[in-house]
Amino acid sequence: MRPFVARAAATSAGIQIGFVRRGRVDSDAWEPVDIPLGEDQEKYTIEIARPSGGPRVLTATAPSALYATADIAADFGAPPGALDLTIRQVSAVVGPGFPLVAHVPVQ
């Protein structure tokens, strides 16, 4: 299985969160190509821990999502230096998969 890693980069529109997706089927390849998705559709949930309590939840249909500037201002007041993320691939058959839980610096 490929590692499930996340990254966050500040942009003028907010913070772009990106990650390497996991494979569920035939994911033990050694070639440097993208592995099969193993799902009919690609879907993810990204939870961002907020200082005020419950998480901000983003959904995505690709291995990236934008945490918009307005949402960052509402959640943090100022751009954070790092984010605490919980990312799950969501399957139509089995629901949310095992999460990646990571403290990710914003670059």
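FYI, it's all coordinate maths here, none of it is from the lab. Keep in mind that what you see is a predicted model, and the values were worked out from it rather than measured. Please note: Cβ atoms are built from the backbone with ideal geometry, for glycine as well, and neighbour counts cover all protein chains shown.
The HN-Hα couplings worked out from phi for region 70-75 by the Karplus form 6.51 cos²θ - 1.76 cosθ + 1.60 (θ = phi - 60°) are 5, 5, 4, 4, 5, 7 Hz, whole numbers, x standing for Gly and Pro. Computed from phi, the 3J(HN,Hα) profile of region 90-106 under the Karplus parametrisation 6.51, -1.76, 1.60 (θ = phi - 60°) reads 10, 9, 5, 8, 10, x, x, x, 4, x, 9, 10, 8, 9, 10, x, 8 Hz, with x in place of Gly and Pro. Peptides 79-89, 46-56 ranked from most to least packed by the mean count of surrounding Cβ atoms within 10 Å: 79-89, 46-56. Across region 52-64, computed HN-Hα scalar couplings (Karplus, 6.51 cos²θ - 1.76 cosθ + 1.60, θ = phi - 60°) run 7, x, x, x, 7, 10, 10, 10, 8, 10, 8, x, 6 Hz from first to last residue, x flagging Gly and Pro.
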